[in-house]
Each structure stands twice: as structure tokens, then as C-alpha cells.
Amino acid sequence: MNKLVILLSVALYSLLSVKTSAAEYKNVIDRKGTPKAHQDFDQYGNQQYNPLFDLGSWHGFLLPQKASEFGGFTGPMVIAEEYGVYIAKQLEQLKLIDGVNGQVLDWRNFNYSHTASPGHLEQRYDNDELTVVISLSFVTDRISLTSARIHNKTNQTKSFTLQWTGQLLQQWTPDTAVLAKFPDWTRQIEQTELGLTINFSRVRSTWNMMMSGQSRYQIARSMTTTTAIDNAALSYRSKTNIDIASLASKTVYTTQSYTHNKQEHNKVERDIRAVMAAPEQYITASQKRWQNYLASIPTESEKRKNLSVKAIETLVGNWRSPAGALQHHGVTPSVTARWFNGVWAWDTWKHAYAMSHFAPEVAKDNIRAMFDYQVTPQDAVRPQDEGMVIDAVFYNKDKPRGGDGGNWNERNTKPPLAAWAVWEVYLATKDTAFVAEMFEPLLAYHQWWYRNRDHNQNGLVEYGATRHRFHNDEQGRIHFKFKTKNPAAYTKQCQLDGEWLSCHGMEQYEKVLKDNIYSELDIGAQHGAGWESGMDNAARFGFIAPDQLTQYANKQYQGKLTKAQKDWQVRFFENRDNKGELLGFSIDQESVELNAYLVKEKKILADMANLLGKKSLGQSLRKDIDRLTNVINTCFFDQTTGFYYDLQINETPLAKYECQGKLLTQRGMGPEGWSPLWAGIAEKTQAKQVVKNMLDTAQFNTLVPFPTAAQSNPAFHQDIYWRGRVWLDQFYFAVKALENYGYHAEANNMVDKLLQNAQGLAGDSAIRENYNPLTGEMQGATNFSWSAAHLFMLNKITTTTKN
């Protein structure tokens, strides 16, 4: 077992004092399902159903949904490097065959129950003669252990043939056969000394499935079996015979594991032998680990407890152990969402913030997983971004890094909440050594923002985009494309590609904006800047639907669309070093929440410096906090609407903390407006006005409160990603903002409203990525980690307040 698994198995508290048992929480998440195909998606691109993953595993299981599937767990799903795919409807189903008359016992004739509890799946079957309990737990980061315990209730010895069968799926999607999608991909089942192995041939489909050619799925049993394999049907049948004495029991153990390469496979074979030598010890360790997780839940209502359990299960289920380019344990956004089996920067900070309270070693490693790829001055690809933490790390690096992955992302970073997460780990664990480990990397990251994203050098920072092949050409000229009714006027400067004109250079970009005759405009750096904020397509970055822009033009400019477009245009500045080398791009607006985050980060870094005995550095970090706080309150607050906005700027260099520009009030209110309250830097009079907007039912106080755009926002839509849907991180920041300024009752009321109206939170549905603010409908990814993280922390703060 690896070091982290051992640490997690050691009790954090005396287990004698832990009264919370995982068995108390049954079916908090619905884990039943029957996969029909490798990709079995819902309308949001999620793999259907909610398989149990645990302990950083790369494979997971479901409970049977149909009577014909009783006797085994359905699935599994495996994470094929970057994508979760089901490989079987049911890979292992147990049948009991009477040793006297040869009859197969029908599980449907038993009294049965199927339960999913935290970290555990169980099927129980009872009749007058037998009790059979089939249970599954994860015992290492690659091995699940199934135990089939058969108890003979009679006064005579019973003889049985135990038969396991399984078959691989042959559909890629419900409508497409695997052979039609991947005609050269092969799967071969073979018998081995330990049981059987499924060998997968190499497949490198960037957006669907990736396997190395050494990927294997292994089944091992504690008893010797005879196995018949039919590779034409991709199926097998294994048998063994047992005798069970009167009133006695026998248990058969099976391990299953998925490995990406030969090195992993060799290690897992050694681990399987260790597990089989003492299976009950491993099962007990899993139970104790889950008891420790659940002991972190505060005393609260049963409804709140169930939600905390669901949150913990979600976060632990999205935990992946090191593999490929992922050097440390990391928590992904969602094991079931198509694109989310990697680790992202600000997702990581949120996951670690919550997990520091129940799985602190995972929290620490999750942070390390991102800082493993912090850019250094010696970096071969982007030395100009020294100190930056890249946006997303996956199993495979991208092409400039020598890999073939498509999800690895260096186009941007994410908001500076890393120090906030590290400090929460410290507050939860008092691990000064971890703070010392992370302090210099955090400081370098903090400094990167001011070096690479402060175009006018006034100490106020903008979101932006890196120097990247998707943002600029080899000469560093910005890339963009647009549609127009008169493409001929631009073909000398731009290349016509279908309906789009593809162009390069700031001069050309400014000309297109000035001419203002485009119908659609797409700028890679604009997407990068939106992603860097984490609020990908927020209104403040110039994103608005065409029909909404028309409505805005009708309301503001008597229908003149060209005038309306100017209010939603974004410009970009080239950020260069003192040698004239391109560092990246800034969008033409200083962000209120980015600068609020950085003020809070300065405070935290100063506290860290003092903790580590670096008092002069702590004083240096604190020296400008008051001035910066005053500038944010002066420059980003609009007295008329009582809210904070981003400030649109030009390229003119300014003195430190001097501000000039136009508040982007026309793009409406969004959650960035309560960030100064979350950071604790808003003046009380300003906070009061912001809170008034937050609690206004015509603005942010919707059925599910705190949408990502106010209802008055011209770009608001209840079903648009970051222009209406409710994201629980922003909800959490809103509640903390209310708490910080003494609005405790209001904060609790908003939490109660969320729990009452967000569909599925009170039941057994998976925690979702976001929720419809007007109907409460579940939206986006299933089993979403940062929603889980903030639900867990909401229960912490509201329970503390009420007590």
C-alpha cells in the first residue's frame, strides 16, 4: 500500500469515541444502474448513473437495477486515462448451483436488500436455508475487494458450485457498435494464475478514450477456479465447488483492478497477493477510514447530516491516485462528466479547503498536484510565465509538452485562491511544515499576477490569456475571427475560412471593432480571459446572446445594434517585459473580484510569513493592503446601483493605485460584486447596499438564490452557464459575505432556501454542477466536487452560527 493510503487508514481520532458509522447512511446517493454502452450519456454529457469510486481508484461499480442482474455489481466504469467509460453491463455475476440436484438458485426467490453506504456496496439475500451477503469495498488505490459470504442455516452440510460470469459491452453508444467506432481496437480475455485478465489494445482517441496498449483489467479470486473463455463473445465463465458445514459460513474473496500500464500492473499483482493474505484487515481499514471521514460532520439535523455525507462521498469518489502526468493524488471535478477527469486550479483550491476537515492528506496532495507544474524560469515552453500555476492538469500533457492530450490547458490560470486553501489546511491540521513547503511557490504565484497581468502598472490586475498557439501566431500577434456581410473588404488582411474571416494583429483587430460591421466575433484570448476568471462566459467579459443584444439595443439605443455592440466589445493589451518580449494578454478591464482575492491573499501570505518567522516579509506584504482596499472601494463601486463592477481601462500607464476608466455597469450585476464582502474589505455602508441587491427578489434572491447574473442583467438567462445558473461556490461566497458583515439570519435563510428548492439535494440524486435559479432544476455535471465542497462548508458555517 502506498504512503497516503496507509496514512488514511490510521485513525485520526480514537475509534472508540467515534459513534458515526457508514452503515447508518444507506443510499444517500442512488447508485443503481445498468450501463448499455461504453458511453451512455444524459442530456448534459454525463455518464448515466453514479458508480462508487473510492481511495483514488480508477474503476468503480454500481448496484444492480434489474432482477436479472442480482448476484453481482453492475459495470464497472474505468477511467481510460481521461474519460470514464463503462466496459461491461456486468463483469462479475455470482450464481449458486445446488451440488445435489444441479439447480441454479434464483436470487429473486430470496428476501433481498441492496444498499450503498459510504465506501461500501452490499447485496443481502435470505431464505430459510441460506444467508448470502455480497459486499464490495476499495482496499487500495487500484484494488476493489468483493466478499461473498455464504452462511448455511441448516443442520446438514451443503454443497454448491459457485459460478461467476461476465461479458464486455459491444456498444460504444446505445446506437453505435464498438467496432464501428474503433474497428482496430481489440479486447482479449485470458486466464492467469490469479484468475483472469482483460487486455486492451492501444487506442488514442483524444476526445473519447485513451489506452496505452498495456491497459489491463484483472480479476483475482481467493479460490482456484476453472475458467472457460469465449473471446468471440467477449465473455467468460468461472467455476469452483465448495462444501459448507451445518450452521457454518464460508467467504470467497474477489479483487478487481484497472491499470494503465505494465508498471502499475506489476505493482497491483503484488498488492493482490497481500490483500488475499489478510482480506478482512483491509476491509476493516476501509471501514475505519470512512468512520474518520464521517466523524468530521458537525452535530446538526439529520437532513443536513445526510447532505454532508453526500458531499464527502462525492469528493472522495472524484479522488484519483497518481497516474500518467498526475504526480500526486488529486480530486477531479466529476468522475461522470465527460470532460472532467483531470485537476483544475481553482477547483483544487475549493476541494482542498473542504477536504482539509476530513481528509487532510488528500487535500494537501491535491494542492501539490497543481503546483507540480508551476512554471519555472527554466521552463522550455513558457519561461515568461514564471510562477504561474496552469489551469488544468490531466493524465496526458499536450503536444508542446510532448504528450497527445487535448484537455491539458496552459491558456490561462485560475483565480488566486491557493493561499486561501493552504491556510485552511493549516487551520484544520496545524501542519506548519506544509505551510513552509508551499509558502515560496505561493509567493511566486502571487507575484506573477502583478508582473504578467497588470498592463498599466498601477497595482490593479486584469484577467487575461497566456502567450499560446490558440491566442496568437508565431510572431505574437493576437488571433481572432469574425463574420460579416462584406467579407471582401477584409480578404487582403484576413483569410476567409468558410463563413469566418481569420485575422491576426492588434491593428487589424482594432479596425474590425471600429468598423463595427461584424455579426459574430470570436477571440481566443477572450475565452482565455473568461476561463482565467473561472466564470467562463460571464456577461462582464462581453458575452451576450444575439437575441439578448438585440433586446438591449431596442431598450438602450432605439434598436441601433451597432451602438449596442460597442457596449459589449472587449479589447486586449499586449503585456511585454522590459526586453519587449510578449508575456501574454490582458483584457481591458481591471477585475473587482480578482483584486479583492489578491488583497485577501496578501493578508494570508503575511500571516504565513509571520508563522514561519519571516516578520519583515510579512510587514512588506501588509504595507499596501489598506491603500489597495481603499482603491477597490473607491474605483470599483457604483453609488447609483449600490454594487461593485469591473473597471474598463485603456493602455495609459498610471501611478501605483491610481485608477481611471469606466465601470462596466451596462453589462449588469454578477457575483463579482459581492467579492469585496467575502474578502472582508468592503466599507459597511457599501456592504449594506450590496446586500440590499443580493436579497432583492428582482435581482439575486431567486427561488434558488444567487444566480451568476442578476435578473436585471441584459445577458441573464436561467440556463446559461455563467450568466444565470446558480453555482454553489458563488453561493458559498455570497453566504460568507453576508456572515462577514453580520447578516447571520439572512445567511441562514438563504441556505435554507437553497436546500429546500435546489432539486435533488434533499433526496438521493447526485450533487450537481449548477442549478436553475428560477425552477431549481438540476443542471450540468453530476457528482460535482466543488458543489460538494461548498455544501460541506455551508453546513459548517451555518451550524456554527446557529450554535
Computed label-point distance, nm, for sites LYS623 and ARG451 using a 7 Å Cα→Cβ extension | 1.9
Principal-axis tilt of helix 360-371 within the chain, Cα atoms, nearest 10 degrees | 50
Just tell me which lysines come within less than 19 Å, Cα to Cα, of LYS662; anything on the same chain fewer than 8 places away is out.
-> LYS514, LYS563, LYS566
Rg (Å, one decimal) plus Dmax (Å, integer) for the alpha carbons of the stretch 540-605?
-> 17.5, 51
Taking the chain and dividing mean pair separation by its residue count, relative contact order in percent (alpha carbons under 8 Å, at least six apart) = 11
Measure of compaction for the stretch 681-803 (Cα Rg per 2.2 N^0.38 Å) = 1.01
Where does the Debye-calculated log10 I(q)/I(0) of the stretch 56-189 sit at q = 0.12, 0.15, 0.20 Å⁻¹, using only Cα point scatterers of equal weight, no solvent?
-> -0.57, -0.82, -1.22
Between LEU695 and ASN199, what is the spin-label point distance in nm, taking each point 7 Å from the Cα along the Cα→C-beta axis?
-> 6.9
Separation of the stretch 292-351 and the stretch 118-197 by C-alpha centroid, Å?
-> 26
Rounded to whole Hz and in sequence order, give me ³J(HN,Hα) for the stretch 781-786 from the Karplus expression 6.51 cos²θ - 1.76 cosθ + 1.60, θ = phi - 60°, writing x for Gly and Pro.
-> 5, 8, 6, 8, 5, 6
Tilt of helix 279-294 relative to the longest C-alpha principal axis of the chain, in degrees (0 to 90, nearest 10)?
-> 30
Quick one: length gained pulling ARG149 to ALA277 fully straight, 0.36 nm per residue minus the C-alpha distance?
-> 44.4 nm
Among LYS485/LYS560; LYS350/LYS753; LYS310/LYS688, the pairs whose Cα-Cα distance exceeds 24 Å are LYS310/LYS688
Would you mind checking which residues have amide H under 5 Å from TYR83's amide H? H placed 1.01 Å from N; only 5 or more apart, or other chain.
-> MET210
If r is the Cβ-Cβ distance from ALA655 to GLN759 and R0 is 41 Å, what FRET efficiency results, to the nearest 0.05?
-> 0.20
In whole Å and largest first, what semi-axes does the C-alpha gyration tensor of the stretch 326-447 yield when each eigenvalue is scaled by 5 and square-rooted?
-> 23, 18, 11
Summing +1 per Lys or Arg and -1 per Asp or Glu among the other residues with Cβ less than 10 Å from LEU130's Cβ gives -1
Hey, what did the stretch 553-619 get for relative contact order, percent, Cα under 8 Å, at least 6 apart?
-> 16
Once you have the Cα-Cα distance between GLN263 and ASN486, take 0.36 nm times their residue separation minus that, and quote the gain in nm to one decimal.
-> 74.4 nm
Name the aspartates and glutamates eligible as straight-distance cross-link partners of LYS158: C-alpha to C-alpha under 14 Å, and not fewer than 8 places from it in the same chain.
-> ASP98, ASP128, GLU129, ASP243
The stretch 671-723, relative contact order in percent, only Cα pairs under 8 angstrom and at least six apart counted = 24
Are any of the pairs LYS32/LYS288; LYS579/LYS614; LYS26/LYS303 more than 21 Å apart by Cα-Cα distance, and if so, which?
-> LYS32/LYS288; LYS579/LYS614
Between LYS303 and THR665, what length in nm is gained on full extension when 0.36 nm per residue of separation is reduced by their alpha carbon distance?
-> 126.3 nm
The aspartates and glutamates whose Cα lies under 14 Å from the Cα of LYS267, excluding any fewer than 8 residues away in the same chain, are ASP141
Out-of-range pairs (alpha-carbon distance over 32 Å; input LYS399/LYS615; LYS364/LYS602; LYS430/LYS656) = LYS399/LYS615; LYS430/LYS656
Please report, in Å, the Rg and the Dmax of the stretch 479-572, where both are computed over Cα atoms only.
-> 13.5, 37
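Readers should treat all values here as calculations from the given coordinates under stated rules, not as data from a laboratory. What you are looking at is a predicted structure, and each value in this text was computed from that prediction instead of being measured. Because the Cβ atoms are built from the backbone with ideal geometry, glycine has one as well, and the counts that use them run over all protein chains shown.
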